[in-house]
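Rule-based calculations on the coordinates, nothing more; no lab input. Keep in mind that what you see is a predicted model, and the values were worked out from it rather than measured. Note that each Cβ is placed from the backbone with ideal geometry, even for glycine, and that neighbours are counted across all protein chains shown.
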Amino acid sequence: MANPITKGKEGNSTGSSMEKARETASQVTDKAKDLGSQAMDKAKDFGSQVADKAKGVAHSVGEAVSGAASTVGRKADDLTASAGTGIKNLGETLSHKAPHEGMLGNASQAVASTIKDSGRYIEEAGLSGMAEDITQLVRRNPIPALFVGVGLGFLLGRMMRS
């Protein structure tokens, strides 16, 4: 006798149930894949939004820091120019009040002229201009600049030790 369970598709209720179960499992698998894909897309979108927000915040912070640094630089240049004006005025005062005749007069006028010229340079160049000039000087004379740096370091070290 033939087993009714092992018969062909016709008349086999277990076979059609198995096929329905396979179809249902396939549909569930497809649905799970779709849901997983949608979840991945949403996660990517969320990650992209977070990254965009982070970039925006970083950009804003960068602009704020740049603006603050620019303001500080301008203030430093203004203060340097103000100090230069003071030095120049000191030279002019010294020039007017110092003797004008004889050896002492020549020396005092030379010192006053040097002070005025230094004040004028500081006033016009500002801190940024002086930094550029020093950079150019070091580039043109690297070995002497190195020796000056070592000498200043030695002197500062000696002063700190005392």
Square roots of five times the C-alpha gyration tensor eigenvalues of segment 57-102, ordered largest first and given in whole Å, equal 44, 5, 4
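Can you give the longest stretch of the chain with no exposed loop site, where a site means GluC sites (Glu not before Pro) in a DSSP loop (not H, G, I, E or B) with at most 12 other C-beta atoms within 10 Å? Working shown, then result.
Values: sites that count: 10, 101.
Between the exposed loop sites, the longest stretch runs 11-100.
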The alpha-carbon center of segment 47-114 and that of segment 120-154 are separated, in whole Å, by 16 Å
Out of 76, 112, 54 - ranked by how far each Cα lies towards the positive end of the dipole of segment 24-154, with unit charges on the beta-carbon of charged residues - the top one is 54
For log10 I(q)/I(0) by the Debye sum over Cα atoms at q = 0.10, 0.16, 0.20 Å⁻¹, with candidates [x] -0.50, -0.97, -1.25; [y] -0.41, -0.92, -1.27; [z] -0.77, -1.13, -1.20, the value calculated from the shown model is option [z]
If one builds a Gaussian network model of the chain from Cα atoms under 10 Å apart, the most fluctuating residue listed among 56, 126, 84 is 56
As straight-line cross-link partners of residue 88, the qualifying aspartates and glutamates (C-alpha separation under 20 Å, not fewer than 8 residues apart within one chain) are 77, 78, 117, 123, 124, 133
Relative to the chain, whose Cα atoms define the longest principal axis, helix 142-161 and its Cα axis are tilted in degrees, nearest 10, by 90 degrees
Phi angles of segment 109-125, converted by Karplus (6.51 cos²θ - 1.76 cosθ + 1.60, θ = phi - 60°) into ³J(HN,Hα) in whole Hz with x for Gly and Pro, give 5, 5, 5, 4, 5, 5, 5, 4, 4, 5, x, 5, 4, 5, 5, 7, 7
For the chain, the dipole about the Cα centre with charges only on Cβ (Lys and Arg +1, Asp and Glu -1), to the nearest 20 debye, works out at 620 debye
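For the chain, what does the helix formula give at 222 nm: sum of -39500 (n - 2.57) over DSSP H segments with n ≥ 4, over the residue count, nearest 500 deg cm²/dmol? Can you show the working numbers first?
Values: 3 runs with 144 residues, N = 162.
About -33000 deg cm²/dmol.
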